[in-house]
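A.B. asks: Okay, here's the structure, questions in a sec.
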Amino acid sequence: RKEVEQDPGPFNVPEGATVAFNCTYSNSASQSFFWYRQDCRKEPKLLMSVYSSGNEDGRFTAQLNRASQYISLLIRDSKLSDSATYLCVVNRANNNDMRFGAGTRLTVKP
Amino acid sequence: EPEVTQTPSHQVTQMGQEVILRCVPISNHLYFYWYRQILGQKVEFLVSFYNNEISEKSEIFDDQFSVERPDGSNFTLKIRSTKLEDSAMYFCASRQGSDGYTFGSGTRLTVV
């Protein structure tokens, strides 16, 4: 099983749609979880951390389910500018090195 | 906003040559990393560095690779004898505590 697994997509949605991404991780001792966004040929940029209680930042909501070892990202009211690849990032247990999922590609269309 | 700086932005080198990729992490960060991303593929961990030594390295980080923090600000990745398959985007990252990483804008390495 891969350390971090994501549905690669692509997800093609119209503007204004709600879209959700899931990510599973293999190590139950992982403690830190993040969603990053990566635009084509650019560096990954931190979108949001994921906390046990779930957290929201504007149109973005992240949730963590430790029992099932998955995290999710919900984007409401999609904008054209949300088009990017979304990377699920999980730390490895007993150290703070992060491992990346392969990313989920999102295209928001007019 | 503090940023991680990488130079050069693009490097073209001949197979077998040595290259040094340079990074200036955020000044109060303690943990430093190199990742690479082959075009169209996932971001792959290479090495982590803390307290002036390597804390972990991946299978990719073989004897051809080395890292150094020669002074208080720079963090370098050296590839001793480049291969065609080393062509990729190389990202430097740093962080302070348990926060997420901050990435540099990357160096695109092309081995010909």
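The values are calculated or read from the model by the stated rules, or taken from the named source; none is laboratory data. Only a predicted model underlies this, so the values are computations on that prediction, with no experimental measurement involved. As a convention, Cβ positions derive from the backbone with ideal geometry for all residues, glycine included, and neighbour counts pool all protein chains shown.
A.B. asks: How many of the residues making up segment B:27-43 are within 30 Å of A:GLY9 (Cα to Cα) and surrounded by fewer than 18 Cβ atoms within 10 Å (Cβ to Cβ)?
C.D. replies: 4
A.B. asks: Which residue out of B:VAL43, B:VAL47 is within 18 Å of A:ASN91 (Cα to Cα) and touching an Asp or Glu at 6+ places or on another chain (Cβ under 9 Å)?
C.D. replies: B:VAL47
A.B. asks: Sort out which residues of segment A:1-14 are modelled with pLDDT of 90 or more and surrounded by 13 or more Cβ atoms within 10 Å (Cβ to Cβ), and write them in order of number.
C.D. replies: Of everything in segment A:1-14, those that are modelled with pLDDT of 90 or more and surrounded by 13 or more Cβ atoms within 10 Å (Cβ to Cβ) turn out to be A:VAL4, A:GLU5, A:GLN6, A:PHE11, A:ASN12, A:VAL13.
A.B. asks: Now for a different question. For B:ASP99, are the conditions met, namely being in contact with a strand residue (DSSP E or B) (Cβ under 9 Å, 6 or more places away or on another chain) and without any contact (Cβ under 8 Å) to a residue 12 or more places away in the chain?
C.D. replies: Criteria met by B:ASP99.
A.B. asks: Taking segment B:24-49 only, how many residues are in a strand (DSSP E or B), more than 9 Å from chain A (Cβ to nearest Cβ) and not β-branched (Val, Ile, Thr)?
C.D. replies: 5
A.B. asks: Which members of segment B:58-92 meet the condition of being touching a Gly at 6+ places or on another chain (Cβ under 7 Å) and either surrounded by 14 or more Cβ atoms within 10 Å (Cβ to Cβ) or closer than 11 Å to B:TRP34 by Cα (or both)?
C.D. replies: Residues satisfying the conditions are B:THR82, B:MET89, B:TYR90, B:PHE91, B:CYS92.
A.B. asks: Taking segment A:60-110 as the region of interest, how many residues are more than 14 Å from chain B (Cβ to nearest Cβ), small (Gly, Ala, Ser) and part of a loop (DSSP other than H, G, I, E, B)?
C.D. replies: Summing the residues that are more than 14 Å from chain B (Cβ to nearest Cβ), small (Gly, Ala, Ser) and part of a loop (DSSP other than H, G, I, E, B) in segment A:60-110 gives 4.
A.B. asks: Against the definition (basic (Lys, Arg) and away from chain B (no Cβ under 12 Å)), how does A:ARG1 come out, yes or no?
C.D. replies: Yes.
A.B. asks: Out of segment B:23-34, which residues are closer than 20 Å to B:THR110 by Cβ and free of Cβ contacts under 8 Å to residues at least 60 places away in the same chain?
C.D. replies: Matches in segment B:23-34: B:TRP34 only.
A.B. asks: Here's a check for you: in segment A:19-41, which residue that is surrounded by 12 or more Cβ atoms within 10 Å (Cβ to Cβ) and assigned to a loop (DSSP other than H, G, I, E, B) is nearest to the other protein chains (Cβ to nearest Cβ)?
C.D. replies: A:SER32
A.B. asks: Restricting segment B:20-43 to residues that are under 11 Å from the mean Cα position of the chain (by Cα) and of a type in the set (D, E, K, R), which is nearest to B:MET89 (Cα to Cα)?
C.D. replies: B:ARG36
Residues checked against (1) on the phi > 0 side of the Ramachandran plot; (2) within 11 Å of chain A (Cβ to nearest Cβ); (3) not acidic (Asp, Glu):
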position	(1), (2), (3)
B:ASN51	yes, no, yes
B:GLU56	no, yes, no
B:ILE60	no, no, yes
B:SER66	no, no, yes
B:GLY72	no, no, yes
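A.B. asks: When the residues of segment B:64-112 are filtered to those that are touching a His at 6+ places or on another chain (Cβ under 7 Å) and of a type in the set (D, E, K, R), which remaining residue is farthest from B:TYR50 (Cα to Cα)?
C.D. replies: Top of the filtered list is B:ARG108.
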